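FYI, it's all coordinate maths here, none of it is from the lab. Since the model is a prediction, treat every value here as computed from it, not as a measurement. Cβ atoms come from the backbone with ideal geometry, glycine included; neighbour counts cover every protein chain shown.
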Amino acid sequence: MEKQRRVAVYVDGFNLYHAISDLNDPKLKWLNLTALSKSFLKPNETLVKCHYFTSIVDWNPKKETHHRTYVAALLANGVTITYGAFKKSQKHCVQFNRRCTFREEKRTDVALGVQIVADAITHVFDRMILITADTDQIPTVSMVKTLRPDVHVTWAAPPNRMRNAREIGDVVPDRLEIKASRIRACRLPHVVFDQNKSIIAKIPNEYL
């Protein structure tokens, strides 16, 4: 019997979210990352991990509620979550010609890169799939290829982001763009239950 190749999927949360948001189809935001991850698998492969990296938008109550609801749905479907944080900073705002408060996501990208390298070293996967269009992850991919030449690396660009990150394609020959049709086929059910049939999460009305 052929040995199953272990696959781990790593998701740059906000990078994927903004790409989906730009599709102007809110229901696509209710994405089942486990189903999406499994859609990439070949017959001789098994999914051992789907790891989602994100930060909670805690200054906007409505968005925070939607995000926490979504995270609960992902957890119920076996997704591993790692959180970063948003930090405030004062910068010059061209639009208003004055200093304004900006919020920047911190630690998420570093956590993503560190986790991938750690998992490579500890032989968690035989193939890794990275969902992002952030070229800052090129050193991560390069390090994995150096440490584990046997690992197959796949770069999955969020919708309409392939052109934005051509540099990643120079490092990773196996690349694909996630189409809206794939996302549409991998949405979560409107109501997510736990193993005891208790309701864990419901799709926000804005996503219907």
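Quick notes
- Going from the residue with the fewest nearby Cβ atoms within 10 Å to the one with the most, Ser198, Ser37 rank Ser198, Ser37.
- Expected 222 nm ellipticity per residue - DSSP helices of 4 or more, -39500 (n - 2.57), all of the chain, to 500: -9500 deg cm²/dmol
- By the combined test of axial Cα extent (at least 15 Å) and Kyte-Doolittle hydropathy (mean at least 1.0), the qualifying DSSP H helices of the chain come to 108-121.
- Grouping the Cα pair distances of the chain into 10 Å bins from zero gives a pair-distance distribution of 8, 32, 36, 19, 5, 1, 0 percent in increasing distance order.
- For segment 120-142 versus segment 17-38, the gap between their alpha-carbon centres in whole angstrom: 21 Å
- Percent of beta bridges antiparallel (DSSP, the chain, rounded to nearest 5): 35 percent
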